[in-house]
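The values are calculated or read from the model by the stated rules, or taken from the named source; none is laboratory data. Source: prediction; values computed, not measured. Heads up, the Cβs are rebuilt from the backbone with ideal geometry, glycines too, and the neighbour counts pull from every protein chain shown. When the accessible area is computed, the model is the full protein with side chains, heavy atoms only, and any ligands, DNA or RNA have been set aside. Shrake-Rupley method; radii C 1.70, N 1.55, O 1.52, S 1.80 Å.
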Amino acid sequence: MTGKPAEIRSLGAARSNTSEGVPPAVLHPSEEIVTAVGLSPVRVVTPGRPEARGKFLYAGDEKLYVRGVTYGTFAPGPDGSDYPRPAVVASDFSHMRENGINAVRTYTCPPRWLLDLAAEHGLRVMVGLAWEQHVAFLEERARRSAIERRVQADVEASAGHPAILCYSIGNEIPASIVRWYGRRPVERFLERLYRAARAEDPEALFTYANFPSTEYLHLPFLDLVCFNVYLEQEERLESYVGRLQNLAGDRPLVLAELGLDSRRNGEAAQATMLGRMLRTAFPAGCAGTFVFAWTDEWHRGGSEVGDWDFGLVDRGRQPKPALSAVRDAFAKTPFAPDAHWPRMTVCVCTRNGARTLRDCMEGIAELDYPAYETIVVDDGSTDETVAIAQQYGAQILHSHGRGLSVARNLGLETATGQIIAYLDDDARPDPQWLRYLATTFKTTTHVGVGGPNIAPTDSGIVAECVDRTPGGPMQVLLTDREAEHIPGCNMAFRKAALEAIGGFDSQFRVAGDDVDICWRLQDRGWTIGFNSTAVVWHRRRDSVRAHWRQQRGYGRAEGLLARKWPQKYSRGEARWAGRVYHPGAGARRWRVYYGLWGSGAFQPLEERPPATPDSFLLLPHWYYLLGPVAALAANDSLRHPLLPLLPGLHVPVAVLLLVLWLAAPVVQAGRSAWRALAPFGGRARARWHRWPLTTVLHLLQPVARLTGRSNARPSQWRRNRARPLALPRPRTLTVWCEEWSSATQRLHRLEAAVQARSVTVLRGGDFERWDLHLKVGWLGGARLRMAVEEHGDGRQLLRFRVWPRWSAATVLASLALLALCGAAVADRAAGPALVTGLAAALVVGRGLVQASSGLGIGVGTAERLEEHGPHDRLPAVVPAPDVAALEEA
């Protein structure tokens, strides 16, 4: 990373100076040359403010890609302005427009006449609000108030002007200053400035120009995310933009500074590198870039800075080769017009989706992609779904109510594209959705690629609250650009890869198919990518009842996934290797990497695993124990009071325990809901209005998942009754084998045979002395260890050790209930003693049955291991094949 010298990093820290000069009359390409290279003239700015929608900026209904340069800071002019004379500015703006530039970034608030000139020349202005951010600005209350008043005055002077792109409430607060105060005081002060500025211009966009050294600043109230980035290597820049995209979340990302010094690197190198940087930034999903800078002329603190030359033109306004390179790169953004694009298939699976399907089909019809087909698979709809799909010329298939996975497989069989992209009927794709997906497929070996799904802004308050609740469609990322899971409403795969694994598992009729397909592909050694700008607008449930039904369906799918992927659900919940990216994902803990003595050039905010109490309170497990706690509260045997809460009022221990048990998840849900609503921080009233409902949804979500899972349990219990039982004590047995097979292959066969008995099997980890854990239920099971003796000529003697295993919950619950029973007996309370005694017996008995069943299944399966054949095996690891060969096949 190279950039500007350290002494000039904070551009807005002070007002700047330089000599003014009128540029020569003929300096830049004529209009004919501009047209010849394929540039269309930039339209003059018309009234109407830019808007941030998802990952992009819009001017009206048209997507606005910012192709900008920085301008200034300059020496004060004769009128005291921080800008050259109007004639010089007008000439600069004219030459910018001729070279495909549509935006200018200033570091101080420009005068009104400059904004008027920008509008006349079709330029939008990112207005910098300058204040003394390079000093310890929080030390004095008077200084803080003065800064706030100055920001308000600057915004008031420019408020409502049609040329304004956005306001920047600050630029690169030095890392040492932020570290001195801590990130939270600085974040609160920036939010204070944001509120003050927005009060003067409510319809404007606001941002803060950050840089890698304070990357960790969390500013969710901003409308768009801006970073000053100086990375010369394309791979590093692309990788860092991917990280910034995830930090930006559902907001646009703009590179507010990007440049190279021609004095140190040479003008040819500057032109080459700037072209590469721009061609990297836009396909990576940036909503815009500002090249630093328009001219080499630059002043700071009343003196000219002359030891670097970042400009596209020199101090005499003569163009450098970099100007031509930037013009050509801007002309080909965001995608090169002559690029080769693979054929793709868009598949929409729907059942009674007439209410939202029309919007989905309109979005598909507006896709900006040269070669794609649309398939709609109707899964037994009884409304107008089919008629709506026919209106848009889509190919209609029918899966006759056999479920989501069958519908997806039917689309896979019919697709003619190399890549098949799946879309839900309540999702509308961004016009460049397929291009961003295809770009990732073209530049990587991923077999699948997904993108974010963002709730539309017109969804209503209930949908907004649902969007901030756990359990929604989410991506789980292993890195900034590689995923462990991509949601089914926005996922694309190489067709050959899906065919290689047999398509989707038909048992997943409503949900869970996306999780299963991702894990199966990764089990084959393949990888799944993530593109932060392959966006679809996905409508959330707009009623509490609909959200409840959705979460119950997800709960049923989790039950199926837990039985199929026991290693992923060893503790009842999915164990993700990556990070869950969702605004309502729950409590998180963070720490900042500063580097030794705060010297780190990149200082990220790193996530730590959530504290166990925080995460456990919002899981279904907490509600499993609610019944026993309530039973204790009803038990009159515990009459030993705590300290009096009020004069004459004594509360039994169990009653207080029940109150605390019920209050704990409510408090935690309220905390999580408040954090999830952080983007509404700039609108305090909106945040408070949404907080009660979001808290309720945080509480309902685990309960709905729990009830969904419970629907599959009765059939599972009926199967348990037919399982063999064995006395729950350790067993040792031997099996003689005449044909050789590796220990791994035999354990694979043993695992498959046990799973065929509808028993969850866990594999021992790298530090375990057991090989398989047969988990019959939550209370008990059995563990197995195998040893192999080699006897020559391929003959082997297998030794198995099988022993019962009770869960920690069984032991703790049994001891607690027995202790309560003993206390009741000591109090001579026959009723409570009988109740707690029976409960203890039930837990102990059920644990014994499950352990006995696990032992019987383990022993019986090991004894009949040879019946499965020595070559009936699954390899432990399948190497990833060549993607090119896969596509050719």
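Evaluate the stretch 524-533: report whether one residue or more is more than 20 Å from A438 (Cβ to Cβ) and surrounded by fewer than 22 Cβ atoms within 10 Å (Cβ to Cβ). Yes; the residues of the stretch 524-533 include at least one that is more than 20 Å from A438 (Cβ to Cβ) and surrounded by fewer than 22 Cβ atoms within 10 Å (Cβ to Cβ).
Entry remark, the stretch 757-781: residues being touching a Lys or Arg at 6+ places or on another chain (Cβ under 6 Å), open to solvent by less than 40 Å² (accessible area, probe 1.4 Å) and modelled with pLDDT of 85 or more number 3 in total.
Residues that are open to solvent by 10 Å² or more (accessible area, probe 1.4 Å), farther than 22 Å from N102 by Cα and touching a Lys or Arg at 6+ places or on another chain (Cβ under 9 Å): does the stretch 175-187 have at least one? Checked against the condition, which is being open to solvent by 10 Å² or more (accessible area, probe 1.4 Å), farther than 22 Å from N102 by Cα and touching a Lys or Arg at 6+ places or on another chain (Cβ under 9 Å), the stretch 175-187 yields no hits at all.
I'd like to check something: does the stretch 424-437 contain any residue that is aliphatic (A, V, I, L, M) and within 23 Å of W548 (Cα to Cα)? Show your work before the answer.
Step one: list which residues in the stretch 424-437 are aliphatic (A, V, I, L, M), which gives 427, 434, 437.
Filter again for within 23 Å of W548 (Cα to Cα), leaving 427.
Taking every residue of the stretch 424-437 in turn, at least one turns out to be aliphatic (A, V, I, L, M) and within 23 Å of W548 (Cα to Cα).
Checking each residue of the stretch 226-241 against the condition of being touching a Pro at 6+ places or on another chain (Cβ under 9 Å), assigned to a helix (DSSP H, G or I) and open to solvent by 30 Å² or more (accessible area, probe 1.4 Å) gives at least one match. When V735, V696, V754 are checked against the criterion of being of a type in the set (A, V, I, L, M, F, W, C), open to solvent by 20 Å² or more (accessible area, probe 1.4 Å) and either modelled with pLDDT of 80 or more or farther than 15 Å from L855 by Cβ (or both), a single residue qualifies: V696. Checking each residue of the stretch 346-369 against the condition of being part of a loop (DSSP other than H, G, I, E, B), of a type outside the set (D, E), buried (at least 21 other Cβ atoms within 10 Å of the Cβ) and modelled with pLDDT under 95 gives at least one match. Selection of the stretch 463-504 for residues being closer than 13 Å to A421 by Cα and either without any contact (Cβ under 8 Å) to a residue 60 or more places away in the chain or charged (D, E, K, R) (or both) yields I486, P487, R494, K495. For the stretch 287-306, a residue qualifies if it is closer than 15 Å to Y71 by Cα, in a loop (DSSP other than H, G, I, E, B) and touching a residue at least 40 places away in the same chain (Cβ under 8 Å), and the qualifying residues are F292, A293, W294, E297, W298, V305.
Matching residues to (1) more than 30 Å from Y58 (Cβ to Cβ); (2) acidic (D, E):
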| residue | (1), (2) |
| --- | --- |
| D261 | yes, yes |
| A268 | yes, no |
| A271 | yes, no |
| F282 | no, no |
| F290 | no, no |
| L312 | no, no |
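Here the condition is being touching a residue at least 12 places away in the same chain (Cβ under 8 Å) and assigned to a helix (DSSP H, G or I); of A256, A284, A325, A269, it holds for A325 alone.
Only one of the listed residues (D516, D458, D523) is out of contact with any Ser or Thr (no Cβ under 8 Å at 6 or more places or on another chain) and without any contact (Cβ under 8 Å) to a residue 40 or more places away in the chain. That residue is D458.
Counting only helices (runs of 4 or more DSSP H) that sit wholly inside the stretch 377-479, those with at least 3 residues that are surrounded by fewer than 15 Cβ atoms within 10 Å (Cβ to Cβ) are 385-391.
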